[in-house]
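Participant: Take a look at this one; I'll ask things after.
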Amino acid sequence: MPLMANSQQTINGSITHDGLERTYILYVPEKYSPGTAVPLILNFHGYTSNNFDQMHYGDFRPIADTAGFIVVHPMGTIDQLNNPHWNVGWGTSTVNDVGFTLALIDSLSAAYTVDAERVYSTGMSNGGFFSYKLACELSDRIAAIASVTGTMNVNQTATCNPSHPMPVMEIHGTADETVAYDGNFFFASTPTVVAWWADRNECDSPPTITAMEDTDSADGCTAEHHVYINGNSGSSVEHYKIIGGQHTWPGSAFGGFGTNQDIDASKEIWRFFSKYDINGLINPTAVHDQEVVSSVVVYPNPVSDVLTIVWPESTSTDYSLASFFGQTIQMGKVGSGTNQLDMTTLVPGIYVLTIGHQVIKIIKAQ
C-alpha cells in the first residue's frame with residue numbers, strides 16, 4: 001500500500017495485482033493538500049527501460065510543483081524475452097496491465113485526493129503504445145492521453161471503442177528508427193493514427209499546421225505542430241511532427257543529437273492535458289491554442305535585456321516566466337498591445353514563458 005504524503009515527496013510504493021507485486025514511484029508536489037482534488041498523470045516507461053529512468057527522462061516533476069498534480073511512474077513486468085514491458089499485444093506476454101492500471105488508480109485514489117475526472121496517461125515508446133491501449137480499453141477512467149514515439153498496432157483501431165471523445169497528442173520524429181514514423185508490417189504509421197483519432201472525435205479537417213521556431217539549430221531537427229480542433233465535447237487531436245527527430249523525448253536534458261529542443265514534450269503534454277477532464281473541454285469558451293499561437297508576438301528571442309510581447313486581444317491575460325526546471329520567476333498580466341519584460345537580471349539560459357495556454361521557450365543571451 002502507498003504511504004501517505006504531506007508535501008513534495010518521492011515515494012516507492014507497491015500493490016499486488018493478479019498475484020504479482022507491482023511497484024511504482026510516486027511524486028507528490030509540495031502544494032498538494034489532502035482534501036483538495038488534484039489531477040493524476042500516469043507516466044509509462046519504454047520497452048527495456050524502467051520507471052526510474054522515465055521519471056528523469058520524461059520529467060514532469062518541476063511542472064507538478066507549480067501546477068499541483070500528482071505523477072506516478074509505474075514499473076512494468078518482465079516479458080518472455082526477459083525485458084521490462086507493457087503488454088500491448090505483441091505476443092510476448094499475458095500480463096493484464098490494463099487491470100493493474102485500474103487497480104493502481106483505485107489504490108492511489110484511496111490514499112490521496114485524486115480528481116477522478118482528471119486522470120491522464122502518457123509514456124515513451126512502449127509506454128506510448130500502452131497509453132493508446134488505455135484510451136481504447138480504460139476510457140471510463142482516462143480523460144486524455146499523450147504518446148511520445150509510440151503508436152498503435154496495425155488493425156488495433158478495428159477494436160478500439162472509447163466511451164467518450166478522447167483528446168490525443170502524439171509526438172514523433174520522422175527519423176525514428178525504433179518505431180518508424182511511417183509504420184511497418186506491425187505498427188500503424190503516425191499520420192494514420194493521428195488522422196484516425198481526429199476522425200473518431202469528429203474534429204475539423206484538415207489540421208492547422210504551424211512551423212515551430214527553430215530555437216536550437218544544433219539539435220539536428222525542427223518541429224511542426226498539427227492541430228485538429230472542434231471535436232465532440234470540445235476534443236482535439238494534436239501532433240508534433242519532429243522533422244529529423246529520432247526515438248527521443250523532446251526537451252529532455254538526457255537526449256543527444258536528434259532530440260528536439262524547440263519544444264519541451266513534458267510541458268506541451270501538460271498544456272494539452274490541463275484543458276480537459278473526462279467530460280471534455282473544461283472551458284469551452286477558451287480561445288483555441290492555434291489562434292493564440294498565430295496572434296501573439298514575442299521578440300527578440302534570444303533576448304539580452306528587454307523581451308517585448310505584443311498581445312492583440314482587447315482583454316488582458318495571465319503570463320508566467322519560469323526557469324527551464326519549472327521554478328516560477330515572475331508572473332502577472334499582459335495587456336492589449338505592447339508589453340515589455342525586464343530580463344536584465346536573469347542569468348543566461350533557457351526560460352519558459354506561458355501566456356494563456358501557449359508555452360514559449362525563451363533563450364536569455366549573455
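No lab work stands behind these numbers, since they all come straight from the coordinates. What you are looking at is a predicted structure, and each value in this text was computed from that prediction instead of being measured. Positions of Cβ are generated from backbone atoms using ideal geometry, with glycine treated the same way; all protein chains shown enter the neighbour counts.
Participant: Would you pull out the residues with amide H under 5 Å of residue 335's amide H, same chain only if 5 or more places away, H placed 1.01 Å from N?
Facilitator: none
Participant: Continuing with this model, one more query. Pick out which of 181, 299, 228 has the largest mean-square fluctuation in a Gaussian network model of the chain, springs linking Cα atoms closer than 10 Å.
Facilitator: Between 181, 299, 228, it is 299 that shows the largest mean-square fluctuation.
Participant: Just to compare against my own numbers: the Cα pair-distance distribution for region 9-289, 10 Å bins, whole % per bin, please.
Facilitator: Bin by bin from 0 Å, the calculated values are 7, 31, 39, 21, 3, 0.
Participant: May I ask for the distance between the Cα centers of region 184-259 and region 20-41, given as a whole number of Å?
Facilitator: 28 Å
Participant: If you don't mind, there's one more thing I want to ask. Calculate for the chain the 222 nm mean residue ellipticity that helices alone would give, adding -39,500 (n - 2.57) per DSSP H run of length 4 or more and normalising by residue count, nearest 500 deg cm²/dmol. Working shown, then result.
Facilitator: Working: 7 runs with 68 residues, N = 366.
Value at 222 nm, helices only: -5500 deg cm²/dmol.
Participant: Quick one: of 267/364; 241/361; 267/361; 241/333; 275/364; 31/364, which pairs are farther than 21 Å apart, Cα to Cα?
Facilitator: 241/333; 275/364; 31/364, as the Cα separations exceed 21 Å there.
Participant: Anyone know which of 121, 336, 139 comes out most mobile in the 10 Å Cα GNM of the chain?
Facilitator: Judging by the Gaussian network model, the answer is 336.
Participant: Okay, moving on. Under the classification rounded if a/c is under 1.5, otherwise prolate if a/b is larger than b/c and oblate if not, where does region 1-157 fall, given a ≥ b ≥ c as square roots of the Cα gyration tensor eigenvalues?
Facilitator: The shape class here is prolate.
Participant: Determine ³J(HN,Hα), in whole Hz, for all residues of region 236-249 in sequence, where each value follows from phi through the Karplus function 6.51 cos²θ - 1.76 cosθ + 1.60 and θ = phi - 60°; x replaces Gly and Pro.
Facilitator: Along region 236-249, the couplings run 9, 10, 10, 9, 9, 8, 8, 6, x, x, 9, 7, 9, 9 Hz.
Participant: Another question, if that's okay. Does region 75-169 come out rounded, prolate or oblate by the C-alpha gyration tensor, with a ≥ b ≥ c the root eigenvalues, rounded set by a/c under 1.5 and, if not, prolate when a/b is larger than b/c and oblate if not?
Facilitator: The shape class here is oblate.
Participant: Please express the shape of region 114-231 as an equivalent ellipsoid: the semi-axes are the square roots of 5 times the eigenvalues of the C-alpha gyration tensor, given largest first in whole angstrom.
Facilitator: Square roots of five times the eigenvalues give 23, 17, 15 Å.
Participant: Separate question: Would you look at the GNM of the chain, springs on alpha carbons closer than 10 Å, and say which of 203, 160, 221 moves the most?
Facilitator: In the Gaussian network model the winner is 160.
Participant: Whole-Hz Karplus ³J(HN,Hα) for region 111-116, in order, using 6.51 cos²θ - 1.76 cosθ + 1.60 and θ = phi - 60°, x for Gly and Pro?
Facilitator: 9, 10, 8, 8, 6, 4
Participant: Whole Å is fine, so just give me how far the alpha carbon centre of region 308-354 lies from that of region 105-166.
Facilitator: Result: 33 Å between the Cα centres.
Participant: Which far-off residues, 5 or more places away or on another chain, put their amide H under 5 Å from the one on residue 32, with H placed in the peptide plane?
Facilitator: Residues meeting the criterion, in which the H sits 1.01 Å from N, are 8.
Participant: Show the residues, 5+ positions off or on another chain, whose built amide H is closer than 5 Å to the amide H of residue 282.
Facilitator: Answer set, sorted by chain and number: 276, 277.
Participant: Got a sec to turn the phi values of region 157-174 into Karplus ³J(HN,Hα) couplings, 6.51 cos²θ - 1.76 cosθ + 1.60 with θ = phi - 60°, whole Hz, x for Gly and Pro?
Facilitator: For region 157-174, the Karplus curve yields 5, 5, 10, 7, 9, x, 7, 8, x, 10, x, 9, 10, 10, 10, 8, x, 6 Hz.
Participant: Let me ask another. Highest mean first, what order results for 63-71, 12-20 on Cβ atoms within 10 Å? Please report the intermediate quantities before stating the final value.
Facilitator: Details: 63-71: 21.2, 12-20: 13.8.
Descending packing order for the listed peptides: 63-71, 12-20.
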